[in-house]
Amino acid sequence: MCLAVPGRVVAIGERDGTRMAEVDFGGVRKDVCLQYLPDTTVGEYVIVHVGFAIQRLDEQSALETLATIARMGLLAEELDGGPAPSARDTQTEGVNR
């Protein structure tokens, strides 16, 4: 399954002429292309689909969505193909605040 997952932008830079961000998805960090949202700033939450930031959203919505995805057991699967974290793991990682 391919989901669009919310995350918080923690760093922005450029790679090969493309604006990129390091995005934190509740403890897992990934590089994300900002081609569709070039004016994104550090601290904002974005929805990421297949490595591209496609939309901004507010912190509360992002955290609620991450918690729901984690409870469904899909967060780790979507981010790295690994086993899904338990609800207890996501709470200790700061996904549920």
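Restrict the check to the stretch 8-15 and report whether at least one residue is part of a strand (DSSP E or B), of a type in the set (Asp, Glu) and under 25 Å from Leu74 (Cα atoms). No: the stretch 8-15 contains no residue that is part of a strand (DSSP E or B), of a type in the set (Asp, Glu) and under 25 Å from Leu74 (Cα atoms).
Please verify whether Asp24 is touching a Gly at 6+ places or on another chain (Cβ under 7 Å) and either modelled with pLDDT under 80 or not hydroxyl-bearing (Ser, Thr, Tyr) (or both), treating the condition exactly as stated.
Working: touching a Gly at 6+ places or on another chain (Cβ under 7 Å): yes; either modelled with pLDDT under 80 or not hydroxyl-bearing (Ser, Thr, Tyr) (or both): yes.
When the stated conditions are applied, Asp24 passes them.
Do you know which residues across the stretch 16-39 are crowded, with 17+ Cβ neighbours inside 10 Å, part of a loop (DSSP other than H, G, I, E, B) and in contact with a strand residue (DSSP E or B) (Cβ under 6 Å, 6 or more places away or on another chain)? Scanning the stretch 16-39 gives Leu34, Leu37.
The values are calculated or read from the model by the stated rules, or taken from the named source; none is laboratory data. As the structure is a prediction and not an experimental result, all values here were calculated from the model. Backbone-built Cβ (ideal geometry, glycine too); neighbour counts: all protein chains shown.
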